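First up is the structure itself, then whatever we jot down about it.
The values are calculated or read from the model by the stated rules, or taken from the named source; none is laboratory data. Just so it is clear, the structure is predicted and the values come from calculations on it, not from any experiment. Every residue, glycine as well, gets a Cβ built from its backbone with ideal geometry; the counts of neighbours run over all protein chains shown.
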Amino acid sequence: MAALPTGSTLLGYLGWAADETLTAQADEHAAGAVLLVREYTRGKGFQTASDGTVTVSDGIAGVIVTYGARSLSNPTSAREIEAGAFKESPGSPWSFSLVETLVLNNYRRRAG
């Protein structure tokens, strides 16, 4: 089990220097990712200790970090960014990637 990822975890994953404002934004994106992942898995893979500390399985922690980092780096959900010769198609933060879905489906009870 791993500690619940935070905004600092997302910033470290992205390699971004932390300041007070960016850390606050990253904390919001991390919290949003935790909420979505917890709902998707119906709480499986999350454990709450008697002192209120929440831990998650390593796979779920990884999904929270990658989804939260993608959301933080593309908060407007732009599908394409173009400026002169520069063109980028960032990942959408509005859905889980295929790999994230495969990991999360291990914790989700499904028909069949």
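Scanning segment 19-44 for residues that are among the β-branched types (Val, Ile, Thr) and either closer than 21 Å to Gly59 by Cα or in contact with a Cys (Cβ under 8 Å, 6 or more places away or on another chain) (or both) returns Val34, Val37, Thr41.
Taking Ala24 as the residue in question, decide whether it is at pLDDT below 95 and either surrounded by fewer than 15 Cβ atoms within 10 Å (Cβ to Cβ) or farther than 24 Å from Arg110 by Cβ (or both). So Ala24 does not fit the description; no. Looking across segment 52-67, the residues that are hydroxyl-bearing (Ser, Thr, Tyr) and either within 13 Å of Leu35 (Cβ to Cβ) or part of a helix (DSSP H, G or I) (or both) come down to Thr66, Tyr67. Evaluate the following for Arg42: is it of a type in the set (Lys, Arg), at pLDDT 85 or above and in contact with a helix residue (DSSP H, G or I) (Cβ under 9 Å, 6 or more places away or on another chain)? It is false that Arg42 is of a type in the set (Lys, Arg), at pLDDT 85 or above and in contact with a helix residue (DSSP H, G or I) (Cβ under 9 Å, 6 or more places away or on another chain). Taking first residues from segment 1-15 that are at pLDDT 95 or above and partners that are assigned to a loop (DSSP other than H, G, I, E, B) and hydrophobic (A, V, I, L, M, F, W, C), the Cβ contacts under 6 Å between residues at least 6 apart in sequence or on separate chains come to Leu11/Ala18.
Exactly one residue out of Arg38, Arg70 is assigned to a helix (DSSP H, G or I), closer than 18 Å to Val99 by Cβ and of a type in the set (D, E, K, R): that is Arg70.
Counting only residues that are touching a residue at least 40 places away in the same chain (Cβ under 8 Å) and under 12 Å from Pro5 (Cβ atoms), segment 31-44 holds 1 of them. Output yes when any residue across segment 88-96 is in contact with a strand residue (DSSP E or B) (Cβ under 7 Å, 6 or more places away or on another chain) and modelled with pLDDT of 95 or more, and no when none is. Within segment 88-96 (the criterion being in contact with a strand residue (DSSP E or B) (Cβ under 7 Å, 6 or more places away or on another chain) and modelled with pLDDT of 95 or more), the answer is no, since none of the residues qualifies.
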